[in-house]
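Student: Quick one: structure below, then a few questions.
Quick note: the coordinates plus some simple rules give every number you see, no bench work behind them. If you're wondering where the values come from, they're calculated on a predicted model, not measured in any experiment. As a convention, Cβ positions derive from the backbone with ideal geometry for all residues, glycine included, and neighbour counts pool all protein chains shown.
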Amino acid sequence: MYKKAVIVGIFILSLTFTGAAFGAGSANIVLKGGHFGDIHFPHKLHQDTLKNCKLCHKMFPMKKGAIEDLIAKKTLKKKEVMKNCEKCHRADKAKGVKTGPTSCRGCHKK
Ligand code: HEC
Ligand code: HEC
Ligand code: HEC
């Protein structure tokens with residue numbers, strides 16, 4: 001009985017974790033920002049707020065390290081994704097709605 005409960009428990013836990021890894025992606029992602037410092041990107045917050053994956057994933061696939069891969073292959077320019085982040089934050093700011101940072105240090109942390 002006890003054994004069975006443990007196995008069921010592990011099964012449910014593993015479902016939760018694979019869901020996080022392969023379904024919606026990580027809740028928080030650290031993106032490489034070159035010499036300027038990394039960006040701590042709240043992925044889940046954006047998914048919940050924007051409800052449209054394509055706003056970002058039209059530029060790169062739903063895969064860990066996708067941005068770096070495409071930049072290395074030169075099919076995506078450096079700062080191209082960044083410009084997409086900034087564009088949206090600036091447009092929201094102009095409209096006066098709650099949004100993300102528009103200053104360098106708002107995104108890049110040393
Ligand atoms: C505001 C931008 C943005 C939106 C909207 C967005 N994502 Fe992402 N997503 C990212 C970034 C940035 C990465 C990291 C890519 C990298 O590592 O190069 C990522 C990575 C992922 C990954 C890869 C695993 C991981 O966590 O690194 C999955 C899966 C994923 N996203 C799924 C989704 C789904 C499903 C939606 C819509 C419900 C969505 N994303 C919406 C920006 C976004
Ligand atoms: C809204 C968030 C955000 C803001 C604001 C922002 N960045 Fe970025 N930056 C990113 C992201 C995400 C990346 C990594 C993806 C890419 O290169 O597009 C990046 C990449 C970079 C890189 C690395 C490019 C390379 O050489 O590989 C540099 C340097 C950089 N940013 C400098 C700046 C400076 C300077 C400012 C202010 C004028 C700024 N960033 C504002 C999010 C931001
Ligand atoms: C289409 C619009 C859109 C795009 C694209 C977008 N964001 Fe945002 N971002 C938002 C909005 C809206 C919020 C405010 C969400 C909230 O707090 O409810 C936000 C909030 C944030 C915050 C602040 C979170 C906090 O805890 O206050 C950071 C950091 C951020 N974004 C980084 C990024 C980065 C990096 C990218 C690109 C990879 C990006 N955003 C792309 C709309 C966008």
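Student: Sequence gap at least 6, Cα distance under 8 Å: using those rules, report the relative contact order of segment 26-109 to the nearest whole percent. Please list the in-between numbers first.
Tutor: Numbers: 62 pairs, mean separation 24.0, N = 84.
Once divided by the residue count of segment 26-109, the mean separation gives 29 percent.
Student: For ILE29, list long-range residues whose amide hydrogen, built 1.01 Å from N in the peptide plane, is under 5 Å from its own amide hydrogen.
Tutor: PHE41, HIS43
Student: If a paramagnetic tag sat 7 Å from the Cα of LYS32 along the Cα-Cβ line, which residues of segment 76-104 would have the backbone N under 16 Å from that point?
Tutor: Label zone hits: 76-82.
Student: Using the beta-carbon distance between GLN47 and LYS110 and R0 = 25 Å, what value does 1/(1 + (r/R0)^6) give for FRET efficiency, to the nearest 0.05? Could you put the intermediate results ahead of the total?
Tutor: Numbers: r = 27 Å, r/R0 = 1.08.
Calculated value: 0.40.
Student: Here's another thing I want to ask about it. Compute the distance in nm between two label points, each set 7 Å from the Cα along the Cα-to-Cβ direction, one at LYS79 and one at LYS58.
Tutor: 2.2
Student: Quick one: 3J(HN,Hα) in Hz for segment 36-53, Karplus 6.51/-1.76/1.60 with θ = phi - 60°, rounded, Gly and Pro as x.
Tutor: Once rounded to whole Hz, the list reads 7, x, 6, 10, 8, 9, x, 5, 5, 4, 5, 4, 5, 6, 8, 6, 8, 4.
Student: Residue farthest toward the positive end of the dipole of segment 26-109, with Cβ of Lys/Arg at +1 and Asp/Glu at -1: which of HIS108, GLY37, VAL81?
Tutor: VAL81
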